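Could you have a look at this structure, given as structure tokens, before my questions?
The values are calculated or read from the model by the stated rules, or taken from the named source; none is laboratory data. Worth saying up front: this structure is predicted, and the values here are computed from it rather than measured. We place every Cβ from the backbone using ideal geometry, glycine too, and count neighbours over all the protein chains shown. Heads up: the accessible areas ignore ligands, DNA and RNA and are worked out on the full protein's heavy atoms, side chains in. Shrake-Rupley method; radii C 1.70, N 1.55, O 1.52, S 1.80 Å.
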Amino acid sequence: MRITADTNILVRAIIEDEPDQSRLAQDILARAGLVALPLPVLCELVWVLGQGYRIPAADIAAMLRRLIDSATVAVNRPAAEAGLAMLTEGGDFADGVIAYEGRVLGAGSFVSFDRLAVRLLEARGTKALVPGLPAFHRAADQPSPPGGPFWLPDPQAFRPIGLGLPHRYFPRVDMRVRDVNLARLR
């Protein structure tokens with residue numbers, strides 16, 4: 001049997017806090033000839049174990065390494081390794097996965113307001129930036145804007161965003177940057 005395991009199956013198998021479900025989860029994982037672990041499942045698993053069960057990051061990383069090294073587990077190994085690198089350095093597993101997948105999809109820089117993620121990724125040689133911070137946090141392929149050493153997006157590059165839902169459920173959000181006073185940011 002070839003299966004894709006949802007996060008709750010892995011949590012029950014690992015934590016063993018629900019005896020009946022834990023036994024069922026462990027049994028199905030043991031019987032599977034292949035266990036596919038999509039990246040969102042790994043991201044959720046790390047988050048649930050860390051935030052929900054307060055398991056230390058080092059223990060989560062060790063468990064995750066054993067899991068992805070299992071002969072029956074299929075996973076995007078380079079992305080999982082990128083997430084593990086971030087986790088073991090004190091960052092978020094998901095940020096490592098996101099930065100890796102962004103590079104695979106053709107992005108030149110990781111952009112986030114999470115300063116720790118940006119600092120850890122820069123230390124690993126990944127172009128990363130926090131919008132609005134000084135030039136050394138700006139992507140190398142972005143010129144300094146006129147008026148100062150801060151990187152801010154081109155206001156013309158943004159358009160109102162909508163999710164295709166009727167206005168009464170989700171009003172359109174205007175993401176354009178207007179009248180940014182760079183002098184105020186210094």
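For the stretch 4-108, which fully contained helices (runs of 4 or more DSSP H) count at least 1 residues that are over 24 Å from GLU122 (Cβ atoms), basic (Lys, Arg) and open to solvent by 20 Å² or more (accessible area, probe 1.4 Å)?
Per the criteria, 7-15, 19-31, 57-68.
So, of the residues in the stretch 109-123 that are part of a helix (DSSP H, G or I) and in contact with a helix residue (DSSP H, G or I) (Cβ under 7 Å, 6 or more places away or on another chain), which turns out to be nearest to GLU44 (Cα to Cα)?
So the residue we want is ALA117.
Shifting gears a bit: When you look at ALA79, is it farther than 30 Å from LEU105 by Cβ and in contact with a Leu (Cβ under 8 Å, 6 or more places away or on another chain), yes or no?
Values: farther than 30 Å from LEU105 by Cβ: no; in contact with a Leu (Cβ under 8 Å, 6 or more places away or on another chain): yes.
Answer is no for this residue.
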